[in-house]
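Have a look at the structure below before the remarks.
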Amino acid sequence: MNLINLLKNNFRRIMAQKAVIIVAIIVVPIMIGLGVLFSAKAQPKAQIALITSSSKAFPKNDKVQIDVMTKKPAKSKLLLGEYAAIVEEKSDESYKITTLKNKEDKKKIEQFLKTDKITETEKDRENQRGIGTNILGFVTMIILMQGVALTLLFSEDKLLNTFRRILTGPVSERQYILAQGIFTFVCLYVPSYIAIVITKVCFGVTMGFDLPMLAVLIAILSLLSTSLALFFTAAIERET
């Protein structure tokens, strides 16, 4: 019961901190959402030079950009990374593909031109997980900083000697720290996870992790941030 009362008291006190509420509920989720969105969208497309005299429409994909031309570009553009492949369409509608990529990538390019589909390989899934790792790195930075900001109630209690008065009552030191930890974790976890879910579902962002796995990863980051924030607040006399 004492733990529940402490949590209720913390939520009532934080509601009076308008600046903290705006940052925690509005600013931080927006930053996370934008960071996730731009990190995923920033992945470059594979540029393919397609040499053809045909006027037919060629397939489109968010991972591939086809530059249709009538004159074959210099092979040096492959070395410079300007193009991932140079594709020449033959009279029988087959394709001659020149690329520095491996045979698997070469087959994927040919398959895409013929069927408008790209078969996902284990390498592609690893690349997606790499995108997700970069996104989680960005989210980690925000969550760690926000964790320290959300322990201001603990700092206030220390500064105003409220902490000592609380401990003279029926509340133990363990209950007080546990209440602060639960409060900080909830305020970190809920807005952060909701922001990522909305970005992933509404904007179709590919992160390499499904929602249950993201829930676990964000929970771990929130626990880490909560632990560090409580440690810093307990070790430092004043909030700086």
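In this structure, does Thr70 turn out to be polar (S, T, N, Q), open to solvent by 60 Å² or more (accessible area, probe 1.4 Å) and either under 31 Å from the mean Cα position of the chain (by Cα) or modelled with pLDDT of 75 or more (or both)?
yes
Taking Val28 as meeting all but one of (1) open to solvent by 30 Å² or more (accessible area, probe 1.4 Å); (2) at pLDDT 80 or above; (3) within 19 Å of Met141 (Cα to Cα), write down the number of the exception.
Result: Val28 fails condition (1) only.
Within the stretch 95-109, take every residue that is touching a residue at least 12 places away in the same chain (Cβ under 8 Å) and open to solvent by 50 Å² or more (accessible area, probe 1.4 Å) and give me the one that is farthest from Ile51 (Cα to Cα).
Glu104
β-branched (Val, Ile, Thr), open to solvent by 80 Å² or more (accessible area, probe 1.4 Å) and without any contact (Cβ under 8 Å) to a residue 40 or more places away in the chain, is that true of Ile194? I'd like the intermediate steps shown before the answer.
Details: β-branched (Val, Ile, Thr): yes; open to solvent by 80 Å² or more (accessible area, probe 1.4 Å): yes; without any contact (Cβ under 8 Å) to a residue 40 or more places away in the chain: no.
Here the answer is no, as Ile194 does not meet what is asked.
If you scan the stretch 68-94, which residues turn out to be more than 17 Å from Glu110 (Cβ to Cβ), touching a residue at least 12 places away in the same chain (Cβ under 8 Å) and not in a loop (DSSP other than H, G, I, E, B)?
Across the stretch 68-94, the qualifying residues are Met69, Lys77, Leu79.
Could you check, for the stretch 110-121, whether at least one of its residues is open to solvent by less than 40 Å² (accessible area, probe 1.4 Å), modelled with pLDDT of 70 or more and outside any loop (DSSP other than H, G, I, E, B)?
yes
Mind checking which helices (runs of 4 or more DSSP H) fall wholly inside the stretch 124-217 and carry at least 2 residues that are within 20 Å of Gly35 (Cα to Cα) and either modelled with pLDDT of 85 or more or small (Gly, Ala, Ser) (or both)?
Values: elements: 152-159, 162-167, 173-203.
Hits in the stretch 124-217: 173-203.
Against the conditions (1) aliphatic (A, V, I, L, M); (2) under 18 Å from Val28 (Cα atoms); (3) loosely packed, with under 15 Cβ neighbours inside 10 Å, where does Met213 fall short? Just the number, please.
For Met213, the failing item is (2).
Looking only at the stretch 8-16, decide whether some residue is under 28 Å from the mean Cα position of the chain (by Cα), outside any helix (DSSP H, G or I) and either under 22 Å from Val139 (Cβ atoms) or modelled with pLDDT of 80 or more (or both).
no
The values are calculated or read from the model by the stated rules, or taken from the named source; none is laboratory data. Only a predicted model underlies this, so the values are computations on that prediction, with no experimental measurement involved. With ideal geometry, Cβ positions are generated from the backbone for all residues, glycine too; neighbour counts draw on all protein chains shown. The area values use the complete protein model at the heavy-atom level, side chains included, leaving out ligands, DNA and RNA. Shrake-Rupley method; radii C 1.70, N 1.55, O 1.52, S 1.80 Å.
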